[in-house]
Amino acid sequence: MRRRKVSGKWSRETCYAVTSLTVTQASHTPLAAIIRGHWGIEDRLHWARDTDFDEDRSPVRTASGPRIMASLRNLAITILRLSGPPASPPPCATTPGGLPGPSGPSGGANGRSRNICPLAVCLRILTCSRAQDQAGKRPGASSEPACGGRQQVSKRYARSLFAVAGAVLAVILGVPTAFAATTWTVRPGGPISLKSGALTLKDTATGSMFTCGSAVMRGMVRGGSGLPGTGIGSITAVSITECDVAGFTFTITATDLPWHVNFSSYNATTGVVTGSISRVQIHLKLVEFSCSAVIDGTSGTASDGRVKFAYTDSTAALKTVPRRGNLHFYHVVGCAGAFHTGDRTTLSATFTVSPKQAVTSP
């Protein structure tokens with residue numbers, strides 16, 4: 001039940017939920033967590049875009065403009081959240097309502113907030129949708145540009161700001177010495193197998209972890225030189241076994257194969273290739289609790305999950321980079337609050353690639 005006061009009048013909203021869980025499988029606490037988790041994406045992303053960025057009144061409505069602007073708004077929100085909680089006084093006074101600003105004299109836990117905050121403010125100015133109003137004429141009105149100032153940005157200026165913001169962001173976030181590559185050389189190429197020991201899936205919101213004893217993936221990678229990095233290989237078979245949580249066995253099934261292997265950058269000093277496995281979709285099932293879920297990227301049917309990895313030439317080790325992927329739980333049913341639809345998911349594993357591949361980029 002929710003009560004709120006709008007325009008001096010109180011209203012009450014009561015929500016009812018239907019579940020297939022029995023009282024022995026879930027108490028009121030995990031059930032409440034499941035219901036609240038259902039609104040996680042709406043509360044943390046869409047509400048901020050609607051309220052702080054006034055997205056519904058955006059005049060950009062044709063061609064690819066809405067998608068680009070939505071991506072910019074998401075970027076601004078993410079940067080502001082990475083900045084950490086607000087300090088007193090905050091170095092940046094123009095963070096959107098409900099979004100944390102920089103913290104501490106060093107500008108946040110990661111030491112980047114002092115630089116990130118001005119960039120996020122620029123992105124917020126760029127993505128504000130409301131037209132110029134009389135805010136600047138009111139006595140005491142802030143002269144600092146932000147969404148509250150309702151500034152308009154010309155299309156030409158917007159393009160320039162977007163380009164500059166992207167360049168500045170790369171510098172701020174610390175671009176490594178690996179550079180984006182256009183062509184690749186792979187030797188010998190051909191059929192490959194990737195074998196790992198423990199593979200762990202984690203719901204970052206609840207902290208629930210599911211560990212499997214082994215995982216084997218088979219596929220192929222193109223051999224030769226002058227190869228494009230996108231779709232340079234594929235995963236055609238996946239077997240993940242010995243999976244349990246709290247003594248209960250569950251199954252993990254890879255679906256919508258083949259998955260795609262992509263190379264993105266190469267560090268000649270360390271011999272490390274960064275890349276991703278895309279089109280990832282996984283179905284999870286725990287029979288004892290009639291629990292099931294789908295792990296995917298942007299929706300439970302999108303088949304656009306992505307797992308980032310780093311491959312080391314010298315050791316033939318391919319290690320996933322859990323925090324860089326886009327996996328989430330979807331269609332969660334009967335899992336007693338262990339994870340919720342919309343929760344971010346990480347996949348951690350280190351695979352040995354056989355036969356060993358020598359991967360370089362000019």
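The values are calculated or read from the model by the stated rules, or taken from the named source; none is laboratory data. The shown structure was predicted, so the numbers you read here are calculated from the model rather than taken from an experiment. So basically every Cβ, Gly included, is an ideal-geometry build from the backbone, and we count neighbours across all protein chains shown.
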Inset, instruction - Go through (1) in contact (Cβ under 8 Å) with a residue 24 or more places away in the chain; (2) out of contact with any Pro (no Cβ under 7 Å at 6 or more places or on another chain); (3) part of a loop (DSSP other than H, G, I, E, B) one by one and return the number of the condition Gly337 breaks. - result: (2)
Legend entry - Options Ile240, Ile277, Ile295; residue that is over 30 Å from Ala33 (Cα atoms), in contact (Cβ under 8 Å) with a residue 40 or more places away in the chain and surrounded by 18 or more Cβ atoms within 10 Å (Cβ to Cβ): Ile277
Legend entry - Failed criterion for Ala254 (all others in (1) touching a residue at least 40 places away in the same chain (Cβ under 8 Å); (2) surrounded by 15 or more Cβ atoms within 10 Å (Cβ to Cβ); (3) small (Gly, Ala, Ser) hold): (1)
Inset, instruction - Scan the stretch 33-66 for residues that are loosely packed, with under 15 Cβ neighbours inside 10 Å, at pLDDT 75 or above and in a helix (DSSP H, G or I) and jot them down. - result: His46, Trp47, Asp50, Thr51, Asp56, Arg57, Gly65, Pro66
Legend entry - Within the stretch 314-327, tally of residues that are buried (at least 17 other Cβ atoms within 10 Å of the Cβ) and in contact with a Gly (Cβ under 6 Å, 6 or more places away or on another chain): 2
